[in-house]
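Colleague: Structure provided below as structure tokens; questions to follow.
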Amino acid sequence: MNSPSSHATTLLVTGGAGFIGANFVLQAVADGLRVVNLDKLTYAGNLDTLASLQGNDRHVFVQGDIGDRALVAKLLAEYRPDAIVNFAAESHVDRSIDGPAEFVQTNVVGTLGLLECARDYWRGLEGAAREAFRFLHVSTDEVYGSLGDEGQFTETTAYAPNSPYSASKAASDHLVRAFHHTYGLPVLTTNCSNNYGPYQFPEKLIPLVTAKALAGEALPVYGDGLNIRDWLFVGDHCSAIRRVLDAGRVGETYNVGGNAERTNITVVKTICALLDQRRPLADGRARESLITYVKDRPGHDRRYAIDSSKLQRELGWKPSQTFESGIAATLDWYLDHQPWVQRVLDGSYRMERLGQ
Ligand SMILES: NC(=O)c1ccc[n+]([C@@H]2O[C@H](COP(=O)([O-])OP(=O)(O)OC[C@H]3O[C@@H](n4cnc5c(N)ncnc54)[C@H](O)[C@@H]3O)[C@@H](O)[C@H]2O)c1
């Protein structure tokens, strides 16, 4: 986004030690922006991902909770950001089934605290700085519920969340909307499909299957494997957020997607085939033989498909990767970064807290 004064554009990014947030932060800092990165460092936060930013004065890491109003107000007063980008969330559907309360606490109550601090800070800005300020909330297509064989989610699709995770994200989206309509806060919301790419926590489908397939272990697939998701390369999600931050119309929501619907079983078989080419198993078995169907997730949405034509038409964004190019690049990244993966799998990524 364009800075109203001569200082480098400053973003307060929340959840910037997580998968998408960290990809976003690495890109933003590389592009010359200054980032204040507020992250609670739950199990999903990983400072290893940000190691290349150590000593870089355009990145300030702060361990803390988005719901800590005193801390957020202090950061806003001290760093005077031009925008807030809210990635911080509990993000894993299976965990939300086991323990929904944490999802409400961070995704709903935490977002409310952040919004109140943003509103108070924005009210204190003047002139061009007030005009330019944005609060961008990063959300998911899962708020729209499940589709049948036909159709796609658009920005006007009614919300119908089915998991505690998506319900908590839907609630936060509504609060963001309400802060615009009630207080005039200049908000933007993006609703994105499933992301994949470097630095994803290996509890999610693609890194999980990659780790297990590399080790020659059984590959669990829920139900009949025919649930469909739209897949987007994480770098393309980050470029969409930057574009919306720069040029999105205040108060609007933008769907972000890769136009890459795949069944889960297709995703798993693609990973198997690519790994068989790159790292054949010692006994010569095809990794597809490792696929094991397991009991379906309760309330498992059948199909998500997202229409991102508003973002493409109005703001000129388009994804740079197809699913085929993105998944191949992702697998190569995981093969080249096994120490990063191993430190997550053995838990040692939590032992060191760099940058504090
Ligand atoms: N992963 C996807 O496919 C996807 C798709 C669409 C939207 N999203 C949304 O994008 C955002 C980021 O997703 P992700 O996959 O990178 O998640 P992630 O779980 O990898 O990272 C979340 C980060 O938020 C931090 N965090 C959690 N609670 C916090 C709190 N109370 N205060 C401060 N920090 C906190 C964690 O430490 C972690 O670093 C989420 O809001 C998610 O709903 C994700």
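Since every read-out is calculated from the coordinates, none of them should be taken as a lab result. The structure presented is a predicted model; accordingly, all values stated were derived computationally and were not measured. Using ideal geometry, Cβ is built from the backbone for each residue, glycine included, and neighbour counts are taken over all protein chains shown.
Colleague: Could you grab me the full set of residues in region 163-205 that are assigned to a loop (DSSP other than H, G, I, E, B) and away from the ligand (no atom under 15 Å from the Cβ)?
Modeller: If the condition is that a residue be assigned to a loop (DSSP other than H, G, I, E, B) and away from the ligand (no atom under 15 Å from the Cβ), then GLY184, LEU185, PRO186 are the ones that fit.
Colleague: Assuming TYR43 fulfils every condition listed in (1) within 8 Å of the ligand (Cβ to nearest atom); (2) surrounded by 17 or more Cβ atoms within 10 Å (Cβ to Cβ) apart from one, which condition is it?
Modeller: (2)
Colleague: Provide a single number: the residues in region 10-40 that are more than 9 Å from the ligand (Cβ to nearest atom), surrounded by 24 or more Cβ atoms within 10 Å (Cβ to Cβ) and free of Cβ contacts under 8 Å to residues at least 60 places away in the same chain.
Modeller: Of the residues in region 10-40, 3 are more than 9 Å from the ligand (Cβ to nearest atom), surrounded by 24 or more Cβ atoms within 10 Å (Cβ to Cβ) and free of Cβ contacts under 8 Å to residues at least 60 places away in the same chain.
Colleague: From the set of residues in region 7-53 that are assigned to a strand (DSSP E or B) and among the polar types (S, T, N, Q), which is farthest from the chain's Cα centre (by Cα)?
Modeller: Checking each candidate, the answer is THR10.
Colleague: Might you let me know whether region 53-71 holds any residue that is within 11 Å of the ligand (Cβ to nearest atom), closer than 21 Å to ALA167 by Cα and of a type in the set (S, T, N, Q)?
Modeller: No - not one qualifying residue is present in region 53-71.
Colleague: Just wondering, is there one or more residues in region 211-226 that are in contact with a Leu (Cβ under 6 Å, 6 or more places away or on another chain) and under 24 Å from LEU311 (Cα atoms)?
Modeller: no
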